[in-house]
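The structure appears right after this line, and notes come after that.
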Amino acid sequence: MRESFDTIVVGAGIAGLGVAAILASEAGEKVLVLDRYDRPGGRLMSYPDTPGKGWKVDIGLHMTELGDASSIHALNERVGEQVAWGPFSETVQFYHEGRFINIAELVPMSGDERRAFGSTLRLIAELGDAEIAAWDDRSLAEWLVENVSSEAVRDLFADMGMIMTTIPEAIDMAAGEVLYIGRDNLRKKSQLLTSSYPIGGMEALTRGLVRVIEDNWGRVETGREVTEVMFAGGRTTGVKASRHKPEGPYPGYYAMPQPEEIEAGKVVCALPIYQLPAIIDFAPATSPMPSWWTKRITDIMHEVTCLVGFMFGLSEPVTDKLCFFTALETPHAGLPFQAFPASNFDPAVAPAGKQLLHTDVVCEYPEASDPFERRRILGRLWQDLLEMFPGIEDAVEWKIPYHVVGCDGLARKPGLVGEFKPKLQAPGIENLFFAGDTYIGRGLAMNGAALSGMQCADLILDRMA
Ligand SMILES: Cc1cc2nc3c(=O)[nH]c(=O)nc-3n(C[C@H](O)[C@H](O)[C@H](O)COP(=O)(O)OP(=O)(O)OC[C@H]3O[C@@H](n4cnc5c(N)ncnc54)[C@H](O)[C@@H]3O)c2cc1C
C-alpha cells in the first residue's frame, strides 16, 4: 500500500518547516516535508566546517530584523523552541565620500529638522493597519512628499528605506511595506530599524523546527525533488517526488527521473512563486489553476532582488564594529552595497581571532543572471572592498564569490506587497496552500517568510475546525 499523509509540504525553508511544525505539534497531523536539497533550511542554511575547520558560513549575508521580537523568533517560540541572539547592531554605517559614517553624519539635521524627524517617527508608530495597507500600491517618495515637510528628514527616510527594501530609489519602494517595517520596529524596539544575528548562525533558526516535526511523528526528507503536484476532481491528491539527482549535460534526457506518487489530504507549496511552474502545470489548456492566477504569477515572478558578492574568511578582523555596513552606491560597482561581519556578532562562527565577513551588492535580474555581467560586477566590488576595508587583501584566507537571483521574496515595490502578494490558498482548490516570502506575510524577508508560514498554518487549522 502506498503511504499517505495528512499534509505534504514542498520545501524545507523557514516557511515550510514552520507550517509543518505547527500542524504536527498543534493538530497532531502526519506531515511529510520534502526538499530537493541535501539539508533543510532553504535560504537560511549554514554550512559547518565550510570551507575549513572552525568556519560556519551562512548561505549569504543575513541579519534578522528585530531579533528576539521578530516573527521568526515568535514562530520558534510557538512550537516550544528557543533561539538565542547575539547583540543588536549598534549603528548602520554608510560608505560615503571615502569613509564609513553613521546616518546622523550622512544626513546632518538642524534642531527643527530633528524635531520633524521625531514627529515623523511618532506618526509612523501610530499608523493603523488600514492606513498602512492604503499605501501598499503607492511609493515611499509619494508618502514622504505628503507627510514630511523637511527635506533632510525625507532624505533620511529614503536612505533607511533602501536598507529595508534593497531598492535604490524611494519612488520604486512600496510605502506600505516600509511603513509596516518601521512601525513594527518602533513599537517593539523604539527604533526605525534594528538587526541582530542568531547565536550559531542562520541554521539556529530552523534546526528546532525540524526537531519539533520529527518529535511529533513527522518526517523531513531531503534530496527529494517534487516534480509535480497531482490533481483529481478539482482537488490536489498529493505529489510526485523523485530521489534522483539529475546529472549530465541534459539532465532531463540522460537522467529520466522515476517519480514516486505520495498521497496527501493537503499540499502546501512552500517554495518561491518563480519555482511553481516546475511543479504545477501552467499551460492554459491543461492547468488545474485559473488562467488569471497563472498569468499573475508569471507576470510578477521576475520582480525579485538579486545579489552578487563575496564571503570572506579573514586571518584577522578588518573591522571590530558591531554593525551593518551599507552604501547607497559604491564608487566602483555603482550599486547599493551591504556588508556584515557575522563573527563580530557570534565569534563561534569563525576560528578564534579570525573574521567571517559577508559582502554583496544589490542588482537587477538581467545583471545577476548573466555570467559575464556577474564577473564584471565582482571585479568592481573587489575594487570597492579594497577601498572600504584597508588591509583586506592581506587578510584573505579564503574568498567565495556568490550570486543569488531572488534573494528575499518579491521586490518590495508598489503593488507587490501586503494584500497584493499571492494569497496563501489556491483559488478554487480547497486543499492546496502556499507559504513563503513571495506570498502574503509582512516583514523584512525572513520575517515575512516566517509570518507567512504561521498565517498559512492558521488558515489550515481554521479550515479544519
Ligand atoms: C544571500 C541571501 C541573503 C539574505 N539576506 C537576508 C537578510 O539579511 N535578512 C533577511 O531577513 N532575509 C535575508 N534573506 C532572505 C531569507 O533568507 C528568505 O526570505 C527566507 O529564507 C525565505 O524562506 P522561504 O521558506 O520562503 O523559502 P526558501 O528558504 O527558499 O525555501 C524553499 C525551499 O524549497 C525547496 N524547493 C524548491 N523547489 C523544490 C522542489 N521542486 N522540490 C522540493 N523542494 C524544493 C528549496 O530547496 C528550498 O529549501 C537572504 C537570502 C539570501 C539568499
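Taken together, the values in this text are just the output of simple stated rules run on the coordinates, not laboratory data. Quick caveat, the model's predicted, so the values are computed rather than measured. Note that each Cβ is placed from the backbone with ideal geometry, even for glycine, and that neighbours are counted across all protein chains shown.
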How far is helix 14-27 tilted off the main Cα axis of the chain, in degrees rounded to 10, range 0 to 90? 50 degrees
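Ranked highest first by average number of other Cβ atoms within 10 Å, how do 285-296, 194-205 line up? List each step's numbers first, then the result.
Working: 285-296: 13.7, 194-205: 22.8.
Order by mean packing, descending: 194-205, 285-296.
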Looking at Ala174, Leu193, Val229, which one has the Cα that reaches farthest to the positive end of the dipole of the range 163-238 (charges on Cβ: Lys, Arg +1; Asp, Glu -1)? Leu193
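Averaging the inverse of every distinct alpha carbon separation and then flipping it gives the Kirkwood radius. What is it for the chain, in angstrom units?
Working: mean 1/r = 0.0434 Å⁻¹.
Hydrodynamic radius (Kirkwood, Cα pairs) of the chain is 23.0 Å.
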Measuring from label point to label point, each 7 Å out along Cα→Cβ, what is the Arg39 to His96 span in nm? 3.9 nm
Residues of the range 77-119 with amide N under 12 Å of a point placed 7 Å along Cα→Cβ from Leu322: 86-91
Length gained, Glu142-Ala232, 0.36 nm per residue minus C-alpha separation, equals 27.7 nm
Scattering curve values for the range 92-189, log₁₀ I(q)/I(0), Debye with Cα scatterers, q = 0.15, 0.16, 0.21, 0.24 Å⁻¹: -0.58, -0.66, -1.14, -1.41
Please report, to two decimal places, log10 I(q)/I(0) for the range 256-370 at q = 0.18 Å⁻¹ as given by the Debye formula with identical point scatterers on the Cα atoms and no solvent. -0.96
Sequence-distant lysines (8 or more away, or on other chains) whose Cα lies within less than 20 Å of Lys53: Lys354, Lys399
Using the Karplus curve 6.51 cos²θ - 1.76 cosθ + 1.60 with θ = phi - 60°, work out ³J(HN,Hα) for each residue of the range 222-236 in order, rounded to whole Hz, and write x for Gly and Pro. 9, x, 10, 8, 7, 9, 6, 8, 8, 10, 7, x, x, 10, 8
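What does the extension gain come out to for Glu393 and Asp458, with contour length at 0.36 nm per residue minus their alpha carbon separation?
On the way: separation 65, 0.36 × 65 = 23.40 nm, distance 5.01 nm.
Computed gain between Glu393 and Asp458 is 18.4 nm.
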Which of Ala368, Pro351, Ala327 sits farthest toward the positive end of the charge dipole of the range 313-371, with +1 on the Cβ of Lys and Arg and -1 on the Cβ of Asp and Glu? Pro351
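Report the local net charge at Val318: Lys and Arg +1, Asp and Glu -1, summed over other residues whose C-beta lies under 13 Å from its C-beta. Display every interim value, and only then the final one.
Working: positive: Lys321, Lys354, Lys399; negative: Glu316, Asp320, Glu387, Glu393, Asp394, Glu397.
Result for the neighbourhood of Val318: -3.
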Run the numbers for Ala348 and Glu105: contour at 0.36 nm per residue of separation, minus the present Cα-Cα distance, in nm. 84.2 nm
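Among bridges DSSP assigns within the chain, what percent are antiparallel (round to 5)?
Values: 48 of 68 bridges.
Rounded to the nearest five, the antiparallel share is 70 percent.
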Answer with one residue from Val92, Ile400, Val9: the one whose Cα lies farthest towards the positive end of the charge dipole of the chain, charges on Cβ with Lys, Arg +1 and Asp, Glu -1. Val9
Nearest 10 degrees is fine. How inclined is helix 291-300 to the longest principal axis of the chain, computing both from alpha carbons? 30 degrees
Tilt, helix 151-165 to longest principal axis of the chain (alpha-carbon atoms), in degrees rounded to tens, equals 30 degrees
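I need the chymotrypsin sites (Phe, Trp or Tyr not before Pro) found in the range 51-91, filtered to DSSP loop residues with at most 10 other beta carbons within 10 Å of theirs. Walk me through the numbers on the way to the answer.
On the way: sites: Trp55, Trp85, Phe88; in loops: Trp55, Phe88.
The qualifying sites: there are none.
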Go through the range 28-135 and name the trypsin sites (Lys or Arg not before Pro) that are in a DSSP coil and have 11 or fewer other Cβ atoms within 10 Å of their Cβ. Lys53
For Lys413, list the aspartates and glutamates whose Cα falls under 15 Å from its own Cα; do not include residues on the same chain fewer than 8 positions away. Asp136, Asp137, Glu142, Glu169, Asp172, Glu177, Asp299, Glu303, Glu364, Asp437
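Where a ≥ b ≥ c are the square roots of the eigenvalues of the C-alpha gyration tensor, would you call the range 57-134 rounded, which needs a/c under 1.5, or, failing that, prolate if a/b is larger than b/c, or oblate?
Details: a/c = 2.71, a/b = 1.30, b/c = 2.08.
Oblate, since a/c reaches 1.5 and b/c is not below a/b.
Using Cβ counts within 10 Å as a stand-in for footprinting exposure, how do Cys306, Cys407, Cys456 rank, fewest first?
Numbers: Cys306 24, Cys407 21, Cys456 30.
Ascending Cβ contact count within 10 Å gives the list Cys407, Cys306, Cys456.
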